[in-house]
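In what follows, a single structure is set out as structure tokens and then discussed.
Read-outs: derived from the displayed coordinates by stated rules, not from any lab. In this text, all values refer to a predicted model and were calculated from it rather than measured experimentally. For neighbour counting, all protein chains shown are included, and Cβ atoms are generated from backbone atoms with ideal geometry for every residue, glycine included.
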Amino acid sequence: MAIVAIDDSRADHLVKPSGTGKNPAGEKPGFANDRGSEKRSPNVSGGEYTWWENKPGKEVAAWRPHLEGRYRVWLSWGAGHQTHTKDAVYWIQTPKRKRTLVARVNQQLLADGSGDVSNQSLWSGFRDGGVYDFQKGDSIVLVGGQIGTAITADIVLFEPVSAEEAGKAENPQPAIREPVNAAHNREYLASTPAKFVRFTIDSSSSAQPCIDELEIFSGQENIALAERGAKVSSSGDFRHALHKLEHINDGKYGNAHSWIAAKSTGWVQIELAHLVEIDRIEWARDREKRYTDRVPVKYRIEVAETAGDWRLVASSDDRLSFGTGKKEGATRYDFASHPPEEAERGRRYLARIEAALKQREEAAKPQKIYAGTFKQPGPTHRLYRGEPDAKREEVGPNAITAFVSLDLEKSAPEQKRRLALADWIADPANPLTARVIANRIWQFHFGTGLVDTPGDFGKNGTPPSHPELLDFLALELMENGWSLKKLHRKILHSKTWQQDSRPDQTAVQVDAGTRLLWRFPPRRLEAEAIRDSILAVSGSLDLDKPGGPGFSPFEVEMENVRHYHPKKNYGPEDWRRMVYMQRVRQERDSVFGAFDCPDATQAVGARSRSTTPLQALNLLNSRFVNQQAEIFEKRLEATEDRAKQIDSAFRLCFGRPAAPDEISSASDFIDSEGLIQFTRAMLNTNEFIFIH
């Protein structure tokens, strides 16, 4: 009997999950491409785990294997975060709710108790939960611990064992690899000499098996390519214009450049140009991820130095069963252990059930239509004292006639009305539009616009500090097809923008506010830029999720109304750019709301810029900044050389190398206070949070 695997996505979620954690790319322990070792299984979790808010004693997930017999239970979870519970509980629970304790685990650490709590979303690896006699209806239940704010779940294995094996000492790890998948498979080999490589397919997921490319590596070099002199042969080929034997090593991926065997089983062979040491083989059904049928699920890979002298180097025997990945169904059926007649009958029943479920799912989908009505706008009347019911004479579509008349008939269609309004706004004879846009762009670069009331160019606003410059920029904008990019380039190439910000005592006495632009006006970064810069410097900034739903800076308490409480713990889901932060009316972020971040109920043309003790306290003592300082410390610890750590910190924070005296004083500070206090101080420096 084979190992039964149930991923967290296929377990029963007893509480709605709070989210998922994604393993970082790489081959380190717990990373997405962790290849494992003699003491650690490779990462077969699919690269993600599920997490919930941790509540002591609360059941959050159940794995229901529907097994009978003796099985060893292998547990895994999402690790690596300080927020994870240190005492999650796994039970075996019978249908009558009789419980047997399986394990109590610290979900901050890996399964063997190792690992740094670096606030990266890691896979724990497998922990041996022991051997148990299962009856149908028994399940593994995950229960919240007493410590921590988050609890996680990942793949659980049920490995069949005999009575003799059950009495043996604990196995270090289950002997498994990730299941075969259609998009990409890697076979890592001990370096071995080979002239011939044969891929034999014993079973496929459906019909004749298909491979889009068979790659054989010696180091980083694919030596199986036809252009390198490799020759191919097979047991027989499916005849089709798209699927040819020569596609197996043409260096091109996808269904349109693939080989299909003539029968449901078969082999394909590559004869290399010469005898060479090989250490890796890679193959796939369709690396473009468009097709998932015809996957070779049972296979053997053999090599030979001379034709016919085959040696087995890899096979599917040590892989999880095909179809145990995250995108598969919630239930796995074992037909192989039943008599052929019963197994075939079961497969037919299952096919009928799946077809009926699919039909029901299609029937349940609501019919979507996009509909609208187009009609002529109704008449508009002057309203006496603004009262909707006090209509007076009918008025036509127009602008304020003291400025301009749009010359539209009362019966003018909607399209014509909108076009006339747009033409008036962008008319070269109307300088206001171009002036406002040019002033806003100047404001973004210099902190203050040429008109420092960007939302009011009228009598209640202030006059421009440089009226001729404002008109010049407005004219540049209009004459260049309203290209904002060209206007940005014009400003950034100017000597005014390229000035340094060093003060001059004589100039300060005349123009302390730098309105005359005798130097570049220094200013503090906006709240968003400070937060994003901290995340970028620590290496936590998540740029892999552009767009989509935002993240919340609050913990929401649901009563008659929603109560928003500032978050006390932060995880990867919060480490996106602040532009994706959800805004709540009359509520501000607990850390960066103090940096003049406007309330969501307000439209603000220009933010105020204040300097307050609360800003300094938030940057120095908030949990968010201290957490990022710890992560920044881990980033610097990639090298043990103290001078290189300091120089790297200066380059990351300030965009420049550290001076010798800075390295010396920083080294003394680290000796006295520690590296984490150094990173914390760097994130609080004026050079980091001010534009000079």
Inter-label distance for Ala25 and Glu342, nm, one decimal - labels placed 7 Å from Cα along Cα-to-Cβ: 4.8
Most exposed first by the Cβ proxy, i.e. fewest other Cβ within 10 Å, how do Met581, Met558 rank? Met558, Met581
Quick check: residue separation of Glu637 and Asp661 times 0.36 nm, minus the Cα distance between them. What number comes out in nm? 6.5 nm
Only one of the listed values, (1) 1.08; (2) 0.94; (3) 1.06, was derived from the coordinates as Rg/Rh (Cα atoms, Kirkwood Rh); which label is it? (3)
So, over other residues within a Cβ distance under 13 Å of Ser664, counting Lys, Arg +1 and Asp, Glu -1, the net charge is -4
Reach of Lys410 by Cα under 12 Å, taken over aspartates and glutamates that are not fewer than 8 positions away in the same chain: Glu394
Excluding Phe217 itself, calculate the net charge of residues whose Cβ lies under 14 Å from the Cβ of Phe217, where each Lys or Arg counts +1 and each Asp or Glu counts -1. -4
When the helix-only estimate is applied to the chain (DSSP H runs of n ≥ 4, each -39,500 (n - 2.57), divided by the residue count), what is the mean residue ellipticity at 222 nm, nearest 500 deg cm²/dmol? -7000 deg cm²/dmol
For the Leu275, Lys252 Cβ pair and Förster radius 35 Å, calculated FRET efficiency rounded to 0.05 is 0.85
In whole Å, how far is the Cα centre of the stretch 555-615 from that of the stretch 363-393? 36
Could you give each residue of the stretch 398-404 its phi-based ³J(HN,Hα) in whole Hz, using Karplus coefficients 6.51, -1.76, 1.60 with θ = phi - 60°, and x for Gly or Pro? 6, 8, 6, 5, 5, 9, 6
What is the sum of charges, Lys and Arg at +1 and Asp and Glu at -1, for the other residues whose Cβ falls under 12 Å from the Cβ of Ser411? 0
In nm, give the distance between the simple-model label positions of Asp293 and Lys263, each being 7 Å from the Cα along the Cα-to-Cβ direction. 2.2
Lysines with Cα under 25 Å of Lys55, excluding same-chain neighbours fewer than 8 positions away: Lys16, Lys22, Lys86, Lys96, Lys98, Lys567, Lys568
Report the dimensions of the stretch 185-315 along its three principal axes from the alpha-carbon atoms, largest first, rounded to Å. 33, 27, 23
Taking 7 Å along the Cα-to-C-beta vector as the label spot, tell me the Leu543-Val508 distance in nanometres, rounded to one decimal. 3.8
Contour minus end-to-end for Ala390 and Phe690, with contour as 0.36 nm per residue of separation and end-to-end as the Cα-Cα distance? 102.4 nm
Gain in length, Arg418 to Ile400, computed as 0.36 nm per residue apart minus the alpha-carbon separation, to one decimal in nm? 5.0 nm
Radius ratio Rg over Rh of the stretch 527-691, counting only Cα atoms, Kirkwood formula for Rh: 1.01
For Lys416, which lysines qualify as cross-link partners when the Cα separation must be under 17 Å and same-chain residues fewer than eight apart are set aside? Lys375
Compute from the Cα atoms of the stretch 431-520 the Rg and the Dmax, the latter being the longest Cα-Cα distance, and quote both in angstrom. 13.5, 42
